[in-house]
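The values are calculated or read from the model by the stated rules, or taken from the named source; none is laboratory data. Not measured: the values here are computed from a predicted model. Cβ: placed from backbone, ideal geometry, glycine included. Neighbour counts: every protein chain shown. Accessible surface is based on the protein model in full, side chains and every heavy atom, while ligands, DNA and RNA are left aside. Shrake-Rupley method; radii C 1.70, N 1.55, O 1.52, S 1.80 Å.
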Amino acid sequence: MKKFDRERLLLGLAGPVIALVVAVLLTSVVLLASGKNPFEPYAIMLEQAGFADIQVLILNAAAGYYIAALAVAIGFRMNLFNIGVEGQYRLAAMVTAVVGAKVALPGALQLPLLVLVAALTGAFWAGIAGLLKVTRGVSEVVATIMLNSIATAVIGYFTLPSVFGVQQGNNKTTGEMHESGWFPNLDLGAAGELYGFVFVAVALGVAYWVVLNRTRFGFDLRATGASESAAAASGVNAKRMVLTAMLLSGAVAGLAGMPTLLNDTHTYSLSFPTSLGFTAIGIALLGRGGPVGIAFASLLWAFLDKASAELDYRGYDTEIAVIMQGLIVIAVVVSYEAVGRWGLRRQQQRVGEEIAAGHVIGAEGNSGTSGDDNDKEVAAR
């Protein structure tokens, strides 16, 4: 491996590793200050990760995290901050649950219909923010935050018993979906059932990498995110790319609630998981916006969620995992900035070394070559 490639790999890994180490150390300080053993909670959680049923729970939870984080990462590639993933996936889950309860088709048609409804709903809700940005210059941050609140109100209205809701005790639901719309699970025996949507999440990660790195659209997306003026100079319609990126981000966000809805609950209710969209922001940051990095970050988050349940039975608060997650988000921002500055200094140093080496060669070349030949040699280097 070349020295330059090694440095790039080091820069890529340094940020997440530093963030994780700092989060562990600070969490240990909190434990120590509260009179608890600063190391035992980690041992307990690692022990839990060795059980097959906990592993299945981690994978199931990671699927939703991964899809939501991909939606956030698509926005990052365009230098957009889509904070509206929270509202997009919850609204998409509610609409999909209503369609799944009201429409009954054969499984070969019902499942694609429900997935399409989820993606279109998420794209529509994100597209509102995209349209406001390209036509009125409204910040996507402000627009998506407001749309999150509006989505909550819309969900509350549509789940009323007088609209599409079904009252079950103190809980409001959309009614159970027809079984033809249930996504198949993989039965692992005593370990439980692995969500079938885990494999869809993997496929989305592969598609994300291919589109960004092997297509013209992906190149235009990254180029516009790096510099709208430069992209426009090369013939790319920056406004259209912004709107397209928001639509695509919203479509993926709409699928984030599908592992829970189609593989588990089969209805939308007041107890449907929330805050997945906000969690996805931290996961996307930790994974540096790459499909593999996001996968590891999603597994880490799911591990902290599921393995920490045992802490409550061992005399520790489960909030330890929440503290650690919060510290990771803070540490990752700081560590990436520090690593970025170090990388910039290394690049400047390397350029200086190459220039200095070129001057030495130029001086030596004056004895036997013309000035023009020497300039060509330096340029070639």
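Points to keep in mind about this one:
- Looking only at segment 97-119, and only at residues there that are more than 27 Å from the chain's Cα centre (by Cα) and small (Gly, Ala, Ser), the one that is modelled with the highest pLDDT: Ala101
- All positions within segment 52-82 that are among the hydrophobic types (A, V, I, L, M, F, W, C), over 15 Å from Gly257 (Cβ atoms) and within 11 Å of the chain's Cα centre (by Cα): Ala73, Ile74, Phe76
- Looking across segment 61-94, the residues that are assigned to a helix (DSSP H, G or I) and touching an Asp or Glu at 6+ places or on another chain (Cβ under 8 Å) come down to Ala61, Gly75.
- Test: Thr27 is touching a Leu at 6+ places or on another chain (Cβ under 7 Å), among the β-branched types (Val, Ile, Thr), assigned to a helix (DSSP H, G or I) and modelled with pLDDT under 95: yes
- Considered as a group, the residues in segment 95-111 that are open to solvent by 70 Å² or more (accessible area, probe 1.4 Å) and in a helix (DSSP H, G or I) include one that is farthest from Ala71 (Cα to Cα), and that residue is Lys102.
- The requirement of being modelled with pLDDT under 95, open to solvent by 10 Å² or more (accessible area, probe 1.4 Å) and in contact with a helix residue (DSSP H, G or I) (Cβ under 9 Å, 6 or more places away or on another chain) is satisfied by Leu20.
- Taking the numbered list (1) in contact with a Ser or Thr (Cβ under 8 Å, 6 or more places away or on another chain); (2) modelled with pLDDT under 95 in turn, Gly50 passes all entries but (1).
- Of the set (1) among the hydroxyl-bearing types (Ser, Thr, Tyr); (2) within 27 Å of Thr274 (Cβ to Cβ); (3) open to solvent by 60 Å² or more (accessible area, probe 1.4 Å), all apply to Tyr65 but (3).
- Helices (runs of 4 or more DSSP H) fully within segment 285-381 that include at least 3 residues being surrounded by 13 or more Cβ atoms within 10 Å (Cβ to Cβ) and modelled with pLDDT under 90: 319-365, 371-380.
- Any chance Met241 is under 23 Å from Ala119 (Cα atoms) and more than 19 Å from the chain's Cα centre (by Cα): yes
- Residue in segment 125-138 that is nearest to Leu80 (Cα to Cα), counting only those that are open to solvent by 20 Å² or more (accessible area, probe 1.4 Å) and in contact with a helix residue (DSSP H, G or I) (Cβ under 7 Å, 6 or more places away or on another chain): Lys133
- Test: residue in segment 30-53 that is without any contact (Cβ under 8 Å) to a residue 60 or more places away in the chain and at positive phi: yes
- Meets criteria (assigned to a helix (DSSP H, G or I) and surrounded by fewer than 24 Cβ atoms within 10 Å (Cβ to Cβ)) for Ala119: yes
- Checked against (1) of a type in the set (Gly, Ala, Ser); (2) under 20 Å from Val95 (Cα atoms); (3) out of contact with any helix residue (DSSP H, G or I) (no Cβ under 7 Å at 6 or more places or on another chain), Gly254 passes all but a single condition, namely (3).
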